[in-house]
Amino acid sequence: MLAYPFSLALFNTFKLDVNCNSFISLDNINQLSEVSSAIKKAPQHLILGGGSNILFTKNYDGLVIKNNLKGITLINEDTQHIYLQAMAGEWWQDFVLHCVNNNYGGVENLSLIPGTVGATPIQNIGAYGVEVKNTIHSVTFFDIETEQLHTYTNAQCEFGYRESIFKHTLKNKIIITAVVFKLTKHPQLNTKYGVIAEQLIAMHITTPTIKDVSDAVIAIRQSKLPNPAITGNAGSFFKNPVVTHAVFDTLITTHPTLSHYADVKGVKLAAGWLIEQCGLKGYTHNGAAVHSKQALVLINANNATGTDVLALATHVQQTVYAKFGVQLEMEVNVL
Ligand code: EPU
């Protein structure tokens, strides 16, 4: 364990230079008992994956555990499926490439999402018509209090849009150690999402492979989203809000071009569209800015502090609410 103020600048994709009191790199599951003891002595603790969905607004007064558990193992297969276990600290994109290069289908639409494998079920990451819950078979986690390992089936994870049991009932109580993915040997490619179809046409591809879809997604992401290795950001800062049909009917009358999707709970609105319509694309507050190509993404444009980003986020929420009466909920964890 490393103690004394320890800088987290390299451990969050907003690149915010905040300190924590102590820091442990969890490299091996044999350390779990030691980690559990350290957590019980700390004022508070935080398990970090890639730090790609977090905004630090101040120093972290507690223990940070960086999940560095590594390894990808084939654990089962049948004529249709492959069951791959990935340890929680694997970089998500490394896992996606492993699947794409072996022609295992299911995660290609989720290419290039920053972060680690262990974070994917927490947030139920999603992009281009696919959510990770579609491929998750089970999640194994360590219970900090009882020091036992448990495995939850997909259904037990209570997945929803950017939601799971790990954000609620099990928050701060567990450490995800591994995820088993059920991938397909004969995939049905999901290319219905408009921009993927357009990108494949631009690439002159008529019968796409898994790798073609992955390459298309990478090209789209690189054209619209800031690379966190260069510009600090945490992907979509807000969730796409879901409104009732009654609210939607009123909004679409006054804003006929409102970008939206069907949703089981009502109608999902494109938050990026709402923000752009408020004239906020490229808007800056101190060193923080609304990304100029995707308004749902806030960036650390020029030595912003976490407080600058939070003030900008609040301004975006208030402006959208004043114009549309729709409340945007933050997707990023603010600490
Ligand atoms: N739009 C605008 N202006 C903008 C941004 C978007 O008008 O500045 C419009 C687009 O034209 C489109 C619609 O809004 O009609 C949706 O935009 P996009 O396809 O870029 O997706 P999104 O709904 O803004 C979601 C995810 C992203 C994911 C993309 C692609 C959430 C919160 N975000 O964004 O996920 O990559 O779909 O599927 O659901 C993330 O969660 O960090 C993330 C990047």
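The values are calculated or read from the model by the stated rules, or taken from the named source; none is laboratory data. Note that the structure is a prediction, hence the values are computed from the model and not measured. Counting neighbours? That spans all protein chains shown, and the Cβs are built from the backbone with ideal geometry, glycine included. SASA here: full protein model, heavy atoms, side chains in, ligands and nucleic acids out. Shrake-Rupley method; radii C 1.70, N 1.55, O 1.52, S 1.80 Å.
Condition check for K224 on (1) open to solvent by less than 60 Å² (accessible area, probe 1.4 Å); (2) of a type outside the set (S, T, N, Q); (3) touching a residue at least 40 places away in the same chain (Cβ under 8 Å): one failure, at (1).
Any idea which of G106, G118 is away from the ligand (no atom under 12 Å from the Cβ) and at positive phi? Outline the logic, then answer.
On the way: G118 fails: at positive phi.
Answer to the check: G106.
Look through the stretch 28-52, keep the residues that are open to solvent by 10 Å² or more (accessible area, probe 1.4 Å) and under 15 Å from V117 (Cβ atoms), and return whichever of them is farthest from the ligand (Cβ to nearest atom). Let's see the steps before the verdict.
Filtering the stretch 28-52 for residues open to solvent by 10 Å² or more (accessible area, probe 1.4 Å) gives 28-31, 33-34, 37-47, 49-50, 52.
Filter once more, so that each one left must be under 15 Å from V117 (Cβ atoms): 29, 47, 49-50, 52.
Values: I29: 29, I47: 19, G49: 14, G50: 12, S52: 8 Å.
Step by step, filter the stretch 28-52, then rank; the result is I29.
Against the test of being within 30 Å of V297 (Cβ to Cβ), hydrophobic (A, V, I, L, M, F, W, C) and within 16 Å of the ligand (Cβ to nearest atom), the options L55, L8 yield a single qualifying residue, L55.
So, in the stretch 268-287, how many residues would count as being more than 13 Å from the ligand (Cβ to nearest atom) and closer than 14 Å to Y161 by Cα?
Taking the stretch 268-287 first, the residues more than 13 Å from the ligand (Cβ to nearest atom) are 284-287.
From what's left, closer than 14 Å to Y161 by Cα: none.
Residues meeting the conditions: 0.
When each of S223, S236, S214, S259 is tested for being over 23 Å from L97 (Cβ atoms) and of a type outside the set (A, V, I, L, M, F, W, C), the lone residue that passes is S259. Identify, please: which residue in the stretch 164-204 is away from the ligand (no atom under 15 Å from the Cβ) and of a type in the set (G, A, S) and is, among those, most open to solvent (accessible area, probe 1.4 Å)? Per the stated criteria, the residue is A202. Quick check, is V290 under 20 Å from the mean Cα position of the chain (by Cα), modelled with pLDDT of 95 or more and away from the ligand (no atom under 14 Å from the Cβ)? For V290, the condition - under 20 Å from the mean Cα position of the chain (by Cα), modelled with pLDDT of 95 or more and away from the ligand (no atom under 14 Å from the Cβ) - is not met.
Answer yes or no: is there a residue in the stretch 291-305 that is in contact with a Cys (Cβ under 9 Å, 6 or more places away or on another chain) and basic (K, R). Within the stretch 291-305, not a single residue is in contact with a Cys (Cβ under 9 Å, 6 or more places away or on another chain) and basic (K, R). Just one residue in the set Y161, Y128 is among the hydroxyl-bearing types (S, T, Y) and surrounded by 18 or more Cβ atoms within 10 Å (Cβ to Cβ); that residue is Y128.
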